[in-house]
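Data block below; observations after.
Rule-based calculations on the coordinates, nothing more; no lab input. Everything quoted here is computed from the prediction, not taken from an experiment. For neighbour counting, all protein chains shown are included, and Cβ atoms are generated from backbone atoms with ideal geometry for every residue, glycine included.
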Amino acid sequence: MDKHPINDLMGTVMEKLRDIADVSTVIGESIVTPDGITIIPVSRVSIGFASGGSDFTGKHQKDGQASPFGGGSGGGVKVDPIAFVVIKAGQVRVVTIEPPASTTIDRIIDGAPEIIDKISAMIDKKKAEKAEKEAAEAVTEAAAE
């Protein structure tokens, strides 16, 4: 069987995507600051690819002649930074980058610790006010006796 033109389309796109999304895209070039800290970016790479085509039969096509071919292919690469590896004085630390909350539930979950802290502070304040009031009443009662 002869080589079909779709093979060339797919091969070209795959080769270009491979050139774009190599390992240095996932683990970036290290950056060294003047004070000796090394920072290495880490990314997530997503690749999409599509290809298609069709052979056509023409009205004026002669017997034994190859059918005309029409096709196309394409692809895309998405790079999302997800973390940095930070090396300072022999200590290695990974600093993650979290995307912002996109749904209401995500925002509620992200805000839960802050809400709990505020509620706890309100309860503690109420307890302190109640204790002060009871202490003041005790002093007043002791003075009255």
Candidate values [x] 1.56; [y] 1.45; [z] 1.07, label of the one derived for Rg/Rh (Cα atoms, Kirkwood Rh): [y]
The chain, helix-only ellipticity at 222 nm - DSSP H runs n ≥ 4, -39,500 (n - 2.57), divided by all residues, nearest 500: -14500 deg cm²/dmol
For peptides 75-82, 113-120, sequence by mean Cβ density within 10 Å, most packed first: 75-82, 113-120
Loop chymotrypsin sites (Phe, Trp or Tyr not before Pro), segment 1-107, which have at most 16 other Cβ atoms in a 10 Å radius of their Cβ (DSSP): F56
Trypsin sites (Lys or Arg not before Pro) within segment 2-60: DSSP coil, no more than 15 neighbouring Cβ in 10 Å: K3, K59
Theoretical FRET efficiency, 1/(1+(r/R0)^6), r = Cβ-Cβ of V85 and I119, R0 41 Å, to 0.05: 0.65
Fluctuation leader among T96, T33, T104 - the chain, Gaussian network, Cα springs under 10 angstrom: T104
